[in-house]
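Just below is one structure, and these are the notes that go with it.
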Amino acid sequence: MKIRSGFLLPILVLFLQGKVVAQDTIKVMWYNVLNYPDINSARISYLQTIVQHVKPDVFVVCELTSASGASNILNQALNVGTSSYAMVNYVNSPDDENMLYYNTEKLGFVRQEEITTSLRNINEYVMYYKDPSLTSTSDTAYLYMYACHLKAGNTSQDAAERAGETAVLRSYLNTRPYAENTIVGGDMNIYYSSETAYQNLVGPTQANLHDPIGPGNYHANPAFAIHHTQSTRIDQIDGGSTGGMDDRFDMMLFSDDVLFGQKGVQFIPGSYRAIGQDGNHYNMALNTPVNNSEPANIINALYYMSDHLPIYMELLVGETVGMNESLDKFDKITLHPNPANDILTVTTGGFGALEIALSDMTGRTLDTFKSTSETTVMDVSGLSPGYYTLTFTGTNVKVVKRLMIQ
């Protein structure tokens with residue numbers, strides 16, 4: 001296994017030698033709301049419970065069936081005790097619809113487009129961050145978000161149709177005039193990363209999308225239980241699928257600049273998760289046995305609202321203040337060789353002894369140790385392919401660097 005050059009980059013410097021970073025957090029949630037409101041519109045009470053618990057700044061849904069349902073979500077689930085949420089324009093398509101809602105205190109809406117495929121359309125939504133320091137002569141960070149609901153089913157024809165949909169998106173991403181902070185998400189209905197649809201998403205494009213969970217055989221595989229998003233039920237409820245948690249259909253992927261924070265927006269490692277998934281309900285209903293990943297009322301709402309779980313992540317946005325000196329010092333922390341082959345050498349420069357934590361992208365700490373000198377040698381041969389983080393902590397320093405194993 002090797003560490004690929006270009007992936008060992010700084011992702012967050014919280015404080016270095018008294019310097020500070022002025023930043024904000026954007027909470028993003030994607031959810032298949034199961035043919036809402038056509039099937040049991042009273043489920044809005046469960047959705048209200050969920051979104052009031054999470055309070056997302058960006059909330060994208062699929063399987064909407066009417067404009068009235070879109071308005072219900074805005075007015076009866078999100079704008080409860082507040083009026084800060086808004087939604088983009090509702091657009092009829094040949095099948096069920098997508099919709100994006102956003103917190104107007106943090107985000108503004110620029111425009112939206114429909115990307116036509118032979119099946120369901122893919123929606124492009126362009127947002128901008130309302131930076132408190134924004135002036136008429138300055139700029140801010142933009143988000144290009146793409147909402148998908150790909151063809152369902154496990155036949156070769158179904159897989160081919162998903163491949164066709166993602167081929168259209170891939171072509172669009174390669175030809176659009178702007179490429180900045182791209183996030184693609186939704187109910188992908190992908191069973192295995194070997195599917196052409198998945199390869200179209202993560203293959204080289206103008207955006208270069210990354211899956212924080214990484215490749216694998218997701219279907220009926222207990223190794224991916226912590227990432228499964230369907231089905232929350234064993235029994236039939238409101239027309240949803242049954243059989244228990246055994247598929248990772250719902251995904252979010254993001255571009256290089258979001259991964260590395262190159263254009264004012266950066267993924268926070270450890271923040272990506274399926275809300276309500278504890279990893280202990282493989283082939284089971286979400287709520288049996290007891291699920292302690294969220295409060296009991298949230299687990300109950302997730303169970304009855306949809307046969308999917310929502311997926312969630314957090315993004316850092318905002319202006320970096322007084323970082324020049326800090327970044328010079330940061331550069332003294334190095335990881336090499338790059339690429340590496342099984343062995344990684346970490347040099348901490350003038351920082352001396354530091355606590356070092358190795359974590360995966362779900363935030364799970366895999367190992368912790370202390371550097372006793374300026375050079376530490378790590379055996380990374382046992383790590384599975386994917387993304388990891390190394391967190392360095394010491395007096396007046398906290399630095400995170402990204403590691404890729406392939």
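The values are calculated or read from the model by the stated rules, or taken from the named source; none is laboratory data. Keep in mind it's a predicted model, so treat the numbers as computed, not measured. Cβ atoms come from the backbone with ideal geometry, glycine included; neighbour counts cover every protein chain shown.
Brief remarks follow.
Conditions (1) under 23 Å from Lys263 (Cβ atoms); (2) in contact with a Ser or Thr (Cβ under 7 Å, 6 or more places away or on another chain); (3) among the acidic types (Asp, Glu), marked per residue:
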position	(1), (2), (3)
Tyr128	yes, yes, no
Gln157	no, no, no
Glu180	yes, no, yes
Val202	yes, no, no
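Residue-wise test of (1) at positive phi; (2) among the β-branched types (Val, Ile, Thr); (3) at pLDDT 95 or above.
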position	(1), (2), (3)
Tyr125	no, no, yes
Asp131	no, no, no
Ala147	no, no, yes
Gly153	yes, no, yes
Gln157	no, no, yes
Ala160	no, no, yes
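- The range 186-202, residues that are closer than 22 Å to Tyr388 by Cβ and either part of a loop (DSSP other than H, G, I, E, B) or at pLDDT 95 or above (or both): Ser193, Tyr198, Leu201
- Given (1) at pLDDT 95 or above; (2) in contact with a Phe, Trp or Tyr (Cβ under 6 Å, 6 or more places away or on another chain), number of the condition Met99 does not satisfy: (2)
- Inter-residue pairs, beta-carbon under 8 Å, first surrounded by fewer than 16 Cβ atoms within 10 Å (Cβ to Cβ) and in the range 58-79, second of a type outside the set (Ser, Thr, Tyr) and part of a helix (DSSP H, G or I), 6+ apart: Gln76/Ile44; Gln76/Gln48
- In the range 225-232 there is no residue matching the filter, namely being of a type in the set (Ser, Thr, Tyr), out of contact with any strand residue (DSSP E or B) (no Cβ under 8 Å at 6 or more places or on another chain) and closer than 25 Å to Arg170 by Cα.
- Single condition Thr334 does not satisfy, out of (1) at pLDDT 80 or above; (2) under 30 Å from the mean Cα position of the chain (by Cα): (1)
Per-residue answers, yes or no, for (1) in contact (Cβ under 8 Å) with a residue 40 or more places away in the chain; (2) surrounded by fewer than 18 Cβ atoms within 10 Å (Cβ to Cβ); (3) closer than 18 Å to Pro310 by Cβ:
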site: Asn181; (1), (2), (3): yes, no, no
site: Gly203; (1), (2), (3): no, yes, no
site: Ile237; (1), (2), (3): yes, no, yes
site: Met245; (1), (2), (3): yes, no, yes
site: Phe260; (1), (2), (3): yes, yes, no
site: Gly276; (1), (2), (3): yes, no, yes
site: Tyr282; (1), (2), (3): yes, yes, no
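- Which numbered condition Phe392 misses (of (1) more than 25 Å from the chain's Cα centre (by Cα); (2) farther than 26 Å from Gly216 by Cα; (3) surrounded by 12 or more Cβ atoms within 10 Å (Cβ to Cβ)): (1)
- Yes/no for Gly185 being among the small types (Gly, Ala, Ser) and either surrounded by fewer than 19 Cβ atoms within 10 Å (Cβ to Cβ) or outside the structural domain of Met284 (by TED's automatic domain parsing) (or both): no
- Single residue of the range 345-361 satisfying the filter (in contact with a Pro (Cβ under 8 Å, 6 or more places away or on another chain) and within 15 Å of Arg402 (Cβ to Cβ)) that is modelled with the lowest pLDDT: Met361
- Against the test of being out of contact with any Lys or Arg (no Cβ under 6 Å at 6 or more places or on another chain), of a type in the set (Ser, Thr, Tyr) and modelled with pLDDT under 95, the options Ser255, Ser231 yield a single qualifying residue, Ser255.
- Some residue of the range 243-266 being in the same structural domain as Ile183 (by TED's automatic domain parsing) and over 26 Å from Gly386 (Cβ atoms): yes
- The range 262-274 - residue that is more than 11 Å from the chain's Cα centre (by Cα) and part of a loop (DSSP other than H, G, I, E, B) and, of those, surrounded by the fewest Cβ atoms within 10 Å (Cβ to Cβ): Gln262
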